[in-house]
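Engineer: Just passing along the structure, written as structure tokens.
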Amino acid sequence: MYLPRVWTRDRARCTAAGIPTGVPFATKVALATELLARAFAAGVPARWVVADCLYGRVHHFRHWLERQGRAYLVGVIPAHTVAQAGRRQRAQALAAHLPAGAWVRRSAGRGSQGERVFDWACVPLEEAAPAGMGRWLLVRRSLDDPEERASTRADGPAGTAAAELVRVAGRRWAVAEAFAQAKGEGGLDQYEVRPGTAWHRHSTRCLLAHAFLVGVIVRAQDAVRAAPPKGGILRAAG
């Protein structure tokens, strides 16, 4: 749980809410690092770490992932600089001057309204990377407004195809949708409590309920796909 400084500086308020005395202020990036470290130590299977630009703009977060030997794909701000064509360039400027042939129309996966289709450009970066790893700038461009672009920095196994990077980028939306479903169907955001312990209990139960519901849906979908088609054979007369 993220606690703003106004809370951590008021120890009486924290005590009243059941927050342990030793809990200090921590940024969202620090909390994410702690959660990921626990997941890695527990052996949670994951080939990529994905995050938006709130995390991608923080150099030490990306460097920490590299030291852990983890592949990542994180959003970056337009002013983020990368090495390409023998010089340092801002991501925004690099994306704006890409040739027409650099863009490929791809789907990043299905969303609530169908396939998420954008124009994508994958630019290999001229930056030193650990052995067996490569670095890219992945740029997404809107079909409706070509000036609307978003950049993502990727660090993963050398030779990773652009289509795979696009697929991984799309998985971040799936995570966001999962939280939205947990709120809408599991009541994750429907709590009116002040104590931190109650918040943890409520969140844990809602996430478990959401995981159960997702499991039921997946099993039902698998059963439908495995079932033989119903109905007889239509035969034209004549």
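All of the numbers you see were taken from the coordinates with simple rules; none came from a lab. Model, not experiment: these values are computed from the prediction. Positions of Cβ are generated from backbone atoms using ideal geometry, with glycine treated the same way; all protein chains shown enter the neighbour counts.
Engineer: With an 8 Å Cα cut-off and a minimum separation of 6 or more residues, compute the relative contact order for the chain in percent. Write out the running numbers ahead of the final one.
Structural biologist: Numbers: 285 pairs, mean separation 34.9, N = 238.
That works out to 15 percent.
Engineer: Please build a GNM for the chain, connecting alpha carbons under 10 Å apart, and tell me which residue among ARG116, ARG194, ARG225 fluctuates the most.
Structural biologist: Ranking ARG116, ARG194, ARG225 by mean-square fluctuation puts ARG225 first.
Engineer: Sum up the charges of everything whose Cβ sits under 15 Å from the Cβ of PRO24, counting Lys and Arg as +1 and Asp and Glu as -1, but leave PRO24 out. Don't skip to the end; give the middle numbers.
Structural biologist: Working: positive: ARG5, ARG9, ARG11, ARG13, LYS28; negative: ASP10, GLU34.
It works out to a net charge of +3.
Engineer: While we're looking at this one, here's another question. Gaussian network model of the chain, Cα springs within a sub-10 Å range: biggest mean-square fluctuation belongs to which of THR152, THR21, THR33?
Structural biologist: Of THR152, THR21, THR33, the Gaussian network model singles out THR21 as fluctuating most.
Engineer: Let me have the 222 nm mean residue ellipticity of the chain computed from DSSP H runs of 4+ only, each contributing -39500 (n - 2.57), with the sum over all residues rounded to the nearest 500. Don't jump to the answer; show the numbers that get you there.
Structural biologist: On the way: 8 runs with 99 residues, N = 238.
Calculated mean residue ellipticity at 222 nm is -13000 deg cm²/dmol.
Engineer: Next question, about the same structure. Given axes a ≥ b ≥ c from the Cα gyration tensor, I'd like to know whether the range 171-217 is rounded (a/c under 1.5), prolate (a/b larger than b/c) or oblate. Walk me through the numbers on the way to the answer.
Structural biologist: On the way: a/c = 2.42, a/b = 1.75, b/c = 1.38.
Prolate.
Engineer: According to the square roots a ≥ b ≥ c of the eigenvalues of the Cα gyration tensor, what is the shape class of the range 127-190, taking rounded for a/c under 1.5, prolate for a/b larger than b/c otherwise, and oblate for the remainder? Don't skip to the answer; put the middle values down first.
Structural biologist: Values: a/c = 3.19, a/b = 1.63, b/c = 1.95.
Since a/c reaches 1.5 but b/c is at least a/b, the shape of the range 127-190 is classed as oblate.
Engineer: Give the residue list of chymotrypsin sites (Phe, Trp or Tyr not before Pro) in the range 151-201 that are DSSP loop and have at most 16 other beta-carbon atoms within 10 angstrom. Walk me through the intermediate numbers first.
Structural biologist: Working: sites: TRP173, PHE179, TYR191, TRP199; in loops: TYR191.
Qualifying residues, ordered by number: TYR191.
Engineer: To continue, here is another question. Given an 8 Å cut-off on Cα distances and at least 6 residues of separation, report the relative contact order of the range 48-165 as a percent. Walk me through the numbers on the way to the answer.
Structural biologist: Values: 208 pairs, mean separation 26.9, N = 118.
Here the relative contact order equals 23 percent.
Engineer: While we're here: What is the calculated FRET efficiency for ALA79 to ALA30, with r their C-beta to C-beta distance and R₀ = 25 Å, to the nearest 0.05? Walk me through the intermediate numbers first.
Structural biologist: Working: r = 23 Å, r/R0 = 0.91.
The calculated FRET efficiency here is 0.65.
Engineer: Could you calculate the contour length gain from ALA16 to ARG171, that is, 0.36 nm times the residue separation minus the distance between their Cα atoms, to one decimal place in nm? All intermediate terms of the calculation are to be shown ahead of the outcome.
Structural biologist: Working: separation 155, 0.36 × 155 = 55.80 nm, distance 3.91 nm.
51.9 nm is the gain from fully extending ALA16 to ARG171.
Engineer: Shape of the range 1-45 from its Cα gyration tensor (a ≥ b ≥ c, root eigenvalues): rounded if a/c is under 1.5, otherwise prolate when a/b > b/c, or oblate? Could the numbers behind the result be given before it?
Structural biologist: Numbers: a/c = 3.94, a/b = 2.32, b/c = 1.70.
Since a/c reaches 1.5 and a/b is larger than b/c, the shape of the range 1-45 is classed as prolate.
Engineer: Oh, and also: For the chain, set up a GNM with springs between Cα atoms under 10 Å and report which of ASP189, ASP155, ASP52 has the largest fluctuation.
Structural biologist: ASP189
Engineer: Kindly provide the trypsin sites (Lys or Arg not before Pro) of the range 34-64 that DSSP labels as loop, not H, G, I, E or B, and whose Cβ sees at most 10 other Cβ atoms within 10 Å.
Structural biologist: Working: sites: ARG38, ARG47, ARG57, ARG62; in loops: ARG47, ARG57.
Qualifying residues, ordered by number: ARG47.
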